[in-house]
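The values are calculated or read from the model by the stated rules, or taken from the named source; none is laboratory data. The model shown is predicted, which means the values in this text are computed figures rather than measured ones. Neighbour counts run over all protein chains shown; Cβ positions are idealised from the backbone, glycine included.
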4 protein chains.
Amino acid sequence: MPILGKTKREVVTEFRMAELVAAARKVFSERGFHNATMEEIAQLAGVAKGTIYLYYPSKQAAYWAAMEQGILGMLEATRRNMDVAGTVEAKIRTFIECKISYCEQNRDFFKIYYSEFGHSLTQPLRLRKQFRELYAQQARILKEVLEEGIRNQEIRPVAADAAAFAICDLTRSAATQRVLGWDKGELRNAVDFIFDLVWKGLGSR
Amino acid sequence: MPILGKTKREVVTEFRMAELVAAARKVFSERGFHNATMEEIAQLAGVAKGTIYLYYPSKQAAYWAAMEQGILGMLEATRRNMDVAGTVEAKIRTFIECKISYCEQNRDFFKIYYSEFGHSLTQPLRLRKQFRELYAQQARILKEVLEEGIRNQEIRPVAADAAAFAICDLTRSAATQRVLGWDKGELRNAVDFIFDLVWKGLGSR
Amino acid sequence: MPILGKTKREVVTEFRMAELVAAARKVFSERGFHNATMEEIAQLAGVAKGTIYLYYPSKQAAYWAAMEQGILGMLEATRRNMDVAGTVEAKIRTFIECKISYCEQNRDFFKIYYSEFGHSLTQPLRLRKQFRELYAQQARILKEVLEEGIRNQEIRPVAADAAAFAICDLTRSAATQRVLGWDKGELRNAVDFIFDLVWKGLGSR
Amino acid sequence: MPILGKTKREVVTEFRMAELVAAARKVFSERGFHNATMEEIAQLAGVAKGTIYLYYPSKQAAYWAAMEQGILGMLEATRRNMDVAGTVEAKIRTFIECKISYCEQNRDFFKIYYSEFGHSLTQPLRLRKQFRELYAQQARILKEVLEEGIRNQEIRPVAADAAAFAICDLTRSAATQRVLGWDKGELRNAVDFIFDLVWKGLGSR
DNA sequence: CATGAATGAGTCTTCATTCAT
DNA sequence: CATGAATGAAGACTCATTCAT
């Protein structure tokens, strides 16, 4: 007797997976990949160790799942809000704000995400590729906006991709400072600061 | 028979330590902290595993020594060159150029350094403190220059420390792209790009 | 509504068990006891893992069932054919031929059977007993024939049980070589070889 | 200060390895490969678990080392005694006697050796190859003797390799019965029985 | 000082078995 | 009867660290 297209079992499964991802995210964010143990994740999720392996084939996979879900969520939120914004200016500001705000509200994710940048130089190539691909998507969204700005002559003719990376990095840095508690000011101020820097720095005059 | 204030033993010790730091740097940079083994470091340095423990009390310590040396070197090089530069403008440009250039020439160090940012959110507090302290020194140098610029009215009255962090991050990002080979252009162009962004972004008009 | 003395349930049960034994035989023969998994057996039998436990209390039991069925089948086939044979000579030849031929036609069984000899030295005593008992039955059949031959003076007065074991072993070895494909000749030749060796070796002259 | 071509360390290493092989042999022979644990082997050898891995890269390797050493020992002993024997008849008898006697005196080895035959049908190909290769060496020695006998017309013109295998198998069976305690008679009798069977069975008349 | 053999705590992963549905 | 998700015990293997030589 499936209701709403889902059997009870499917609902349970979905719930379990969500719990597991959340537990994984929390433990990985607190300990880092290597110091996290499957045992601790299992306990936090309230299941036995073996149960994790019913949902994820390995520690790596669980880690990746936690991160990917977070990145996709951030991407999704950012994109949705940018679509609403009308001007190039508003879109860039929205991008900065959304990312910082999402990271602040999803600290566990942010810690994993951020530390993954650190790994990206030492990890085996295959894992790096996956991560870079997701990261590049963010930059791409921004790049298109920047290119629009350049066509409008709102922005001077710079290398759009380099600029996009720069904005991403500045935003990430700001997020870090807020998550770590170094910056305890208003979100608005942090966004304004970056946006001003960028908008003036790239401005056409 | 001490010569030049150093006994033979001290010279040998110093030499050994330098070799060990270099080996550690290389191995840690290739494998990351957790996947590096003392065995590999020892082999690369041409000593036995136990010997490392005569110079460093733990793996962590060896890691930290490798990183600290690198950061201090970078700091030193940057400072020396900035002192020569006359204007605020030149100093900022020098800062950016020196850091990128140092990172490009010391890739092993850079990889460790960069990945340490990733760890800085998940590491135990004590280690983070040490790292942050060194990192903050760089920002401080820059902050003073920016404050000078603000007094001169070359730079508009922004929060100097936030701006300093922003410049550090932008610079680090550029270094990353160059070390990873994503940016294969002239060093000059990368420096110009960041400098222009910053100088225009922070400029007084 | 029992028909032919069996209710529908009994028929289904019997069918299920036959399927399970066949699946177990196949998987055990391919992987060996330890590397076989209940999961794989279940899949091959087209049932869920838990279902196996409705028919067999443990992995060991399933394994044993697969083997026992095979041994009894071999014993039965051998006995039936020996009963038809008239002379001692014919009976011995039939024994050899039946065993080899049965093994060639039931390779899954043979692999388990053969590997069980290997286990028989390291297994806990209780399991060994069961296996040895079945094995001894074969030797006993042969022993009686040999004793008949000795009474007839067709065979010289040797220890009948030792001779029976020897013939069993020679036969098993021949079967192995055929199953492994080392001996690709006619079945007839293999049988002749063993029989000649034995008949001449044990002959009264 | 090496003495007799060996440093003290080498002597210790050699001793350690011998102890480990012996412990491995004992544990594997009692439990079988899968039920043996590295922990138990280590305890029996009086070392820590990790120490085993200094000498053997894996459980498999330790197992194989224990077996190989035993097979080579048996081969060596057999060959040495056969070389002394003058006639074909004496050589065959010696072969049978040596093998049985070696197995009786090295029961731990024999159990592993014997059980390996069982595995040889289910093991991955690579391992089987190694084992079969060693096994085949024994058969080859015998085969050459048989061929000599055929040339001498002491033996009727049979397939020498099939006969060699048959003798090996008969011998192994006899060894099994003695090791298991089924045959508690004189070694001499067991040897005589097999030899008579074979010698009459293959005899030229 | 230098060595490297030895240690053993620490973890991921597997899989037979159970049991609520 | 049948299911298959959940369990958790068990074990191979790694590697930082120690210490006798």
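Quick one: C:V145 ticks every box in (1) modelled with pLDDT under 95; (2) farther than 30 Å from C:K59 by Cβ bar one, so which box is it?
With (1) modelled with pLDDT under 95; (2) farther than 30 Å from C:K59 by Cβ applied to C:V145, the lone miss is (1).
Keeping to the stretch B:73-93, report how many residues are among the β-branched types (V, I, T), part of a helix (DSSP H, G or I) and surrounded by fewer than 21 Cβ atoms within 10 Å (Cβ to Cβ).
Total satisfying the criteria: 2.
Which of the following residues is more than 15 Å from DNA strand E (Cβ to nearest atom) and in contact with a Phe, Trp or Tyr (Cβ under 6 Å, 6 or more places away or on another chain): D:A62, D:A77?
Testing whether each residue is more than 15 Å from DNA strand E (Cβ to nearest atom) and in contact with a Phe, Trp or Tyr (Cβ under 6 Å, 6 or more places away or on another chain) leaves just D:A77.
This table checks each residue for (1) under 20 Å from the mean Cα position of the chain (by Cα); (2) among the small types (G, A, S); (3) closer than 21 Å to C:Q105 by Cα.
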| position | (1), (2), (3) |
| --- | --- |
| C:T51 | no, no, no |
| C:A66 | yes, yes, yes |
| C:I71 | yes, no, yes |
| C:A77 | yes, yes, yes |
| C:R80 | yes, no, yes |
| C:G86 | no, yes, no |
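Counting only residues that are within 24 Å of A:E104 (Cα to Cα) and modelled with pLDDT under 95, how many does the stretch A:14-28 have?
Summing the residues that are within 24 Å of A:E104 (Cα to Cα) and modelled with pLDDT under 95 in the stretch A:14-28 gives 3.
Can you work out which of the residues in the stretch A:182-195 that are without any contact (Cβ under 8 Å) to a residue 24 or more places away in the chain and in contact with a helix residue (DSSP H, G or I) (Cβ under 7 Å, 6 or more places away or on another chain) is farthest from A:L146 (Cα to Cα)?
Ranking the candidates gives A:D183 first.
For residues in the stretch C:40-70 being β-branched (V, I, T) and either in a helix (DSSP H, G or I) or in contact with a Ser or Thr (Cβ under 9 Å, 6 or more places away or on another chain) (or both), which is surrounded by the fewest Cβ atoms within 10 Å (Cβ to Cβ)?
C:T51
Could you identify the single residue in A:S115, A:S120 that is closer than 20 Å to A:A65 by Cα and touching a Gly at 6+ places or on another chain (Cβ under 7 Å)?
A:S115
Could you give every pair whose Cβ atoms fall below 6 Å, whose first residue belongs to the stretch D:130-151 and is of a type in the set (V, I, T), and whose second residue is modelled with pLDDT of 95 or more, counting only separations of at least 6 or pairs across chains?
What qualifies is D:V145/D:V88; D:V145/D:K91.
Checking A:L54 against (1) away from DNA strand F (no atom under 13 Å from the Cβ); (2) out of contact with any Leu (no Cβ under 8 Å at 6 or more places or on another chain): exactly one of these is not met. Which one?
(1)
Condition first: at the interface with chain A (Cβ under 8 Å from one of its Cβ atoms), assigned to a helix (DSSP H, G or I), surrounded by fewer than 19 Cβ atoms within 10 Å (Cβ to Cβ) and modelled with pLDDT under 95. Can you find one or more residues in the stretch B:106-116 that meet it?
Taking every residue of the stretch B:106-116 in turn, none turns out to be at the interface with chain A (Cβ under 8 Å from one of its Cβ atoms), assigned to a helix (DSSP H, G or I), surrounded by fewer than 19 Cβ atoms within 10 Å (Cβ to Cβ) and modelled with pLDDT under 95.
Of the residues A:A163, A:A159, which single one is surrounded by 22 or more Cβ atoms within 10 Å (Cβ to Cβ), modelled with pLDDT under 95 and within 10 Å of another protein chain (Cβ to nearest Cβ)?
A:A163
Go over the candidates C:G73, C:G32 one by one and state the one that is out of contact with any Lys or Arg (no Cβ under 9 Å at 6 or more places or on another chain) and away from DNA strand F (no atom under 15 Å from the Cβ).
Result: C:G73 is the single residue among C:G73, C:G32 that is out of contact with any Lys or Arg (no Cβ under 9 Å at 6 or more places or on another chain) and away from DNA strand F (no atom under 15 Å from the Cβ).
Tell me yes or no: at least one residue of the stretch B:121-131 is closer than 18 Å to B:F193 by Cβ and in the same structural domain as B:V198 (by TED's automatic domain parsing).
No, the stretch B:121-131 contains no residue that is closer than 18 Å to B:F193 by Cβ and in the same structural domain as B:V198 (by TED's automatic domain parsing).
Kindly establish whether B:F95 is in contact (Cβ under 8 Å) with a residue 60 or more places away in the chain, touching a Leu at 6+ places or on another chain (Cβ under 8 Å) and of a type outside the set (G, A, S).
Judged against the criteria, B:F95 is a match.
If you take the residues in the stretch C:13-55 that are farther than 25 Å from D:L121 by Cα and near DNA strand E (Cβ under 10 Å from one of its atoms), which one is farthest from the other protein chains (Cβ to nearest Cβ)?
Applying the filter and picking the extreme gives C:L54.
When you go through A:L121, A:L142 one by one, which is the residue that is touching a Ser or Thr at 6+ places or on another chain (Cβ under 7 Å) and buried (at least 21 other Cβ atoms within 10 Å of the Cβ)?
A:L121
Scan the stretch C:136-145 and tell me whether some residue there is within 14 Å of another protein chain (Cβ to nearest Cβ), assigned to a loop (DSSP other than H, G, I, E, B), away from DNA strand F (no atom under 16 Å from the Cβ) and in contact with a helix residue (DSSP H, G or I) (Cβ under 9 Å, 6 or more places away or on another chain).
For the stretch C:136-145, residues within 14 Å of another protein chain (Cβ to nearest Cβ), assigned to a loop (DSSP other than H, G, I, E, B), away from DNA strand F (no atom under 16 Å from the Cβ) and in contact with a helix residue (DSSP H, G or I) (Cβ under 9 Å, 6 or more places away or on another chain): absent.
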